[in-house]
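Contents: one structure, followed by commentary.
Rule-based calculations on the coordinates, nothing more; no lab input. Everything numeric here is computed off the predicted structure, so don't read it as measured data. No Cβ is skipped: glycine too gets one built from the backbone with ideal geometry, and neighbour counts run over all protein chains shown.
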Amino acid sequence: MTKRIFITAILTIGLFGLTLMAESPFTYTWDNTLSFDPDGTLFLAAFESVIQIDYSVGSFMATSRSEFQRFGLLWQEFNTSGRLGGLNVQGDVLFGPSTDNYLYAQAIASVSIAGIDVGIYFAHLSDAVLGGAADGFAVRIAQSTSFFDLVSITELGARIADDDFDGITIVHAASGLSRSYITDPVVPGQGFTGEKVTISGLSVGCVEDIKATLYMTREGFDYILFELNGIDSGISWLTFDLAVKFEVQTKSVTLTPALVVGDVLCLTPYLRLVPTSSTFSIDGIILGGLDLTFSWNGVTLREVVVLAGGQYVITTPEYGSLLESIADAVENGHTYYAQYWELLSLEVDGEACCGGTYRVLMNAYFNAGAGGIFGWGMTYVEGEVGIGSHTTLSSSMTFDTNGVDKLGVGFNVSW
C-alpha cells in the first residue's frame, strides 16, 4: 500500500506541477458523443464527453484527459513526456473517479548510446483492476546494423508492447470502454519472468523481409516464430507473407497472399495451412476469407467475405472491420460480429467548407440466416464533417430488419 501511494503521489505531483508552471498557451480539445436507443429501456443509451488539455514546459509536454459518461467521471488520466538530460522520459497515471480508485501507473526512460537504444519500463497495476495488484520492470535493448535489426526484451515481472504483443488494456466493466498502455505488469515480486529476442530486416533472394522471434520464460521455451514478408512470386501482381510458429505442443502456419492490381485494387485471401501433429507435412489448407479493396479518388469500396465460419470473423468498425481469426481477435481484445459472414463497405472522404474535411462510411452486413433481401442483417452508417479547422460534427446510425437500433451524434472542438 505504501509503495502504491508513493508512486501515485510522485507522478500526480509532477504532472500537476507542470500544469502550474506552464509557460505556453494551453491547447484544449472537447469531444462529445450521444447515442440513442429507440427500442431500449433507456432512450439515451450512452453519453461520452472527453476534455483534453495539452501544455508544455521547456522540453516537456503534458496532458490531462478527463472522460465523462452518463453516470459521471469515468477516467482521469495524466501523461507527461520529454527529455531529462540525455534521457527520454514518459510517465502516465490513470484514476477511476467513478469508483474512487487509483488504477494504473507507468514510467519509461530511454537513452541512445553509441547506436544502441536502451529503455527501462516500469508499471504498477492497482488491486482495483482485475488481475491486480501487480508491478514489474522490463528492459529493452535494440541495435540496427546495415544487415539486420536486433531487439532484446528482458522481462522482470512486466511485458512491453511490440509487434507480437499489444500491451495492457484496462476495461471499465459497466461501460465496456477501455484504456491501453505499453507496459503490462504481470505479478508482484517475481524477478525474471521472460526473455524475447527478435531479429528482423534480413533480405534473402526473393524475400524482402525475414523476421525471427524467440521467446523464453522462466519455465523454459515458449515459442519461436518465423515471418517471411513480401515473398516475390515472380508475378508483378502477386506477393506472399508466410508465418510459421512453433510452440511446445503445437505448430501453426499462416500463408497470406496479396494480389495488387496497380494502385487501386487489392485482393487478400486469408489462408492457414494445417500441419500434422507429428511431422512437417501439411494436412490441408483453410481459406478463412477474402478481403477485396478498391480505392480511387477519395472513394474506397471493400468486400469482406468469411469462408470459414466459426474460425474467422469480422471485427466491429471501431477495430477497423478486419477479417481475423477468432483466436487473434480475442488475443488483440477486438470485438467482432460472429453472426455476419459478409461485409460490403463504402467510404468517401474529401474537402469540406472553410478548410475542413468530410468522411462518410457505410457498412452493410449479411447473415445467411437473416430474412432480408440477399441475407441482409444490419447496416452501420457514420459521417463527420469539419467546419473549419477547429470544429467537427459527427453522427452515426445502426439499423437492422427491426428498424433503427442505435443513433448517435457528436461534436469535437479544439482551440
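At a glance:
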| quantity | calculated |
| --- | --- |
| Relative exposure of Y121, Y340, judged by other C-beta atoms within 10 Å (fewest first) | Y340, Y121 |
| DSSP-loop trypsin sites (Lys or Arg not before Pro) across segment 26-116, with at most 16 other Cβ within 10 angstrom | R70 |
| Computed FRET value (nearest 0.05) for F399 with A114, which takes r as the C-beta separation and R₀ as 51 Å | 0.25 |
| Only Lys, Arg (+1) and Asp, Glu (-1) charged, at Cβ; segment 297-415 dipole about Cα centre in debye | 180 debye |
| Where the Cα pairs of segment 297-415 fall when distances are cut into 10 Å bins, in % | 13, 37, 32, 15, 3 |
| Exposure proxy order (Cβ contacts within 10 Å, fewest to most) of V244, V313, V306, V348 | V348, V244, V306, V313 |
| Neighbour net charge for T391 - beta-carbon separation under 14 angstrom, K R +1, D E -1 | -2 |
| Segment D100-D164, extension gain: residue separation times 0.36 nm, minus the distance between their alpha carbons | 19.7 nm |
| For segment 107-169: rounded, prolate or oblate by the Cα gyration tensor [a/c cutoff 1.5] | prolate |
| Other-chain or far-sequence residues with amide H under 5 Å of G288's (modelled H) | Y270, L271, R272 |
